[in-house]
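Sending over a structure as structure tokens; questions will come in a sec.
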Amino acid sequence: MPGINWNDSINLASKLTPARLWNGIKVLSSFYLSRMLDKPVQWGFPVSVSFEPTTSCNLRCPECPSGLRAFTRPTGMLQKDFFRETIDDIHKELLYLIFYFQGEPYLNTNFLEMVKYASDKGIYTATSTNAHYLTDDAARKTVESGLDRLIISIDGTTQDVYQSYRVGGNLEKVIAGAKNIVKWKKELNSKTPFVFFQFLVVKPNEHQIEDIKRLAKEVGVDEVRFKTAQVYDYENDPNQLIPTNAKFSRYKKNAAGEYVAKNKLANRCWKLWHANVITWDGLVVPCCFDKDAMHRLGNLKNESFKNIWQNSNYRQFRAELMQSRKNIDICANCSEGVSVWKD
């Protein structure tokens, strides 16, 4: 599991206010009380929220609905005024804001302006990018925006391996973008963003695990983290993505030689108590596994976030999860607890 980066941890702790701390205590208490009572109790508001800047993407990754252009929901861009209204509603309780769900955030031309708006509210901000748009100017503006964490997806150390998953991608652009960020952090004497390479371990690239560690040191990013891949049809693995190294797989073979998910799917989920996801057009969904927004718990264009968080749809979803999590489609392939390692 990932270790602790002290600079990043201290930065995150600095965002705590009495209101956010009290909110976190209420959320955590209600989660454990729910487990004791075996029924959902929800106090407080989310500690963390994911906001989707866009569903558009320049790549065509084989296990990504955005890359496959396979959404049933519309493609679009998050509007900054709509974003600001929501942040104004929840910023006093909100500690951590993730600018990512599906798509490439930097395709939204207002993205860094929204980052700065949240940063000015004292919220810890993070995003994940394929780094193709981290030009020198974009890198400077990223550091100036106050972004706290930048995840750079880089799934290979040679072009042929990289593009086997990041279809349509250019490794040289990714490395150049990462170097631009490192350069501007030094130029502006900034400790943020905390930058790490995220290496999605799949069968075609698992032989490059040591290589990506060396590349990270050469580029100057803060660290490397390895992530397991979600494979939709994991029983058959049609794209041959499941790695041979079991440490980096969400799946294992049973006695019959069939792949099954490692997660035991206990009837609880911390995410449903402390976090959620908002799509670019205002749909509130349970978590990042609901990529096509099939479990719509509310719409911010119709009611406030705080009303949605406590509405009957949310209460029912939490109750169903506590009764039989394995029967909820987005939970059946969940990586909770088996997804990321630091090195």
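The values are calculated or read from the model by the stated rules, or taken from the named source; none is laboratory data. The model shown is predicted, which means the values in this text are computed figures rather than measured ones. All Cβ positions, even for glycine, are placed from backbone atoms using ideal geometry, and neighbour counts span all protein chains on display. Ligands, DNA and RNA are excluded from the accessible area calculation, which covers all protein heavy atoms including side chains. Shrake-Rupley method; radii C 1.70, N 1.55, O 1.52, S 1.80 Å.
Which number in (1) open to solvent by 60 Å² or more (accessible area, probe 1.4 Å); (2) touching a Lys or Arg at 6+ places or on another chain (Cβ under 9 Å) marks the one condition that residue 55 misses?
The one condition residue 55 does not meet is (1).
Yes or no, residue by residue, for (1) free of Cβ contacts under 8 Å to residues at least 24 places away in the same chain; (2) within 30 Å of residue 303 (Cβ to Cβ); (3) under 18 Å from the mean Cα position of the chain (by Cα); (4) not in a loop (DSSP other than H, G, I, E, B):
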{"site": "233", "(1), (2), (3), (4)": "yes, no, no, no"}
{"site": "240", "(1), (2), (3), (4)": "no, no, no, no"}
{"site": "244", "(1), (2), (3), (4)": "no, no, no, no"}
{"site": "255", "(1), (2), (3), (4)": "yes, no, no, no"}
{"site": "264", "(1), (2), (3), (4)": "yes, no, no, no"}
{"site": "267", "(1), (2), (3), (4)": "no, yes, no, no"}
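Are there any pairs, at least 6 apart or on different chains, whose C-beta atoms fall under 7 Å, with the first in region 217-228 and surrounded by 20 or more Cβ atoms within 10 Å (Cβ to Cβ) and the second of a type in the set (S, T, N, Q) and not in a strand (DSSP E or B), and if so, which?
What qualifies is 228/249; 228/335; 228/339.
Can you name the residue in region 53-96 that is outside any loop (DSSP other than H, G, I, E, B) and among the polar types (S, T, N, Q) and is also farthest from the chain's Cα centre (by Cα) among such residues?
Here the answer is 86.
Tell me whether region 288-304 contains one or more residues that are part of a helix (DSSP H, G or I), open to solvent by 50 Å² or more (accessible area, probe 1.4 Å), in contact (Cβ under 8 Å) with a residue 24 or more places away in the chain and not aliphatic (A, V, I, L, M).
The answer is no; no qualifying residue exists.
Among what's in region 163-196 and is at pLDDT 95 or above and small (Gly, Ala, Ser), pick the residue that is farthest from residue 103 (Cα to Cα).
Per the criteria, the residue is 190.
Restricting attention to region 97-121, which residues are outside any helix (DSSP H, G or I), β-branched (Val, Ile, Thr) and surrounded by 20 or more Cβ atoms within 10 Å (Cβ to Cβ)?
Hit for region 97-121 is 98, nothing else.
Any chance region 38-46 includes a residue that's without any contact (Cβ under 8 Å) to a residue 12 or more places away in the chain, open to solvent by less than 50 Å² (accessible area, probe 1.4 Å) and not in a helix (DSSP H, G or I)?
Yes: region 38-46 contains one or more residues that are without any contact (Cβ under 8 Å) to a residue 12 or more places away in the chain, open to solvent by less than 50 Å² (accessible area, probe 1.4 Å) and not in a helix (DSSP H, G or I).
Still on this model: Looking at region 134-153, which of its residues are part of a loop (DSSP other than H, G, I, E, B) and touching a residue at least 60 places away in the same chain (Cβ under 8 Å)?
148
For (1) modelled with pLDDT under 95; (2) polar (S, T, N, Q), each residue gets a yes or a no:
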residue: 221; (1), (2): no, no
residue: 225; (1), (2): yes, no
residue: 256; (1), (2): yes, no
residue: 262; (1), (2): yes, no
residue: 287; (1), (2): yes, no
residue: 323; (1), (2): yes, yes
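Follow-up. Does region 122-132 hold any residues that are without any contact (Cβ under 8 Å) to a residue 60 or more places away in the chain and either on the phi > 0 side of the Ramachandran plot or part of a loop (DSSP other than H, G, I, E, B) (or both), and which are they?
Of everything in region 122-132, just one residue is without any contact (Cβ under 8 Å) to a residue 60 or more places away in the chain and either on the phi > 0 side of the Ramachandran plot or part of a loop (DSSP other than H, G, I, E, B) (or both), namely 131.
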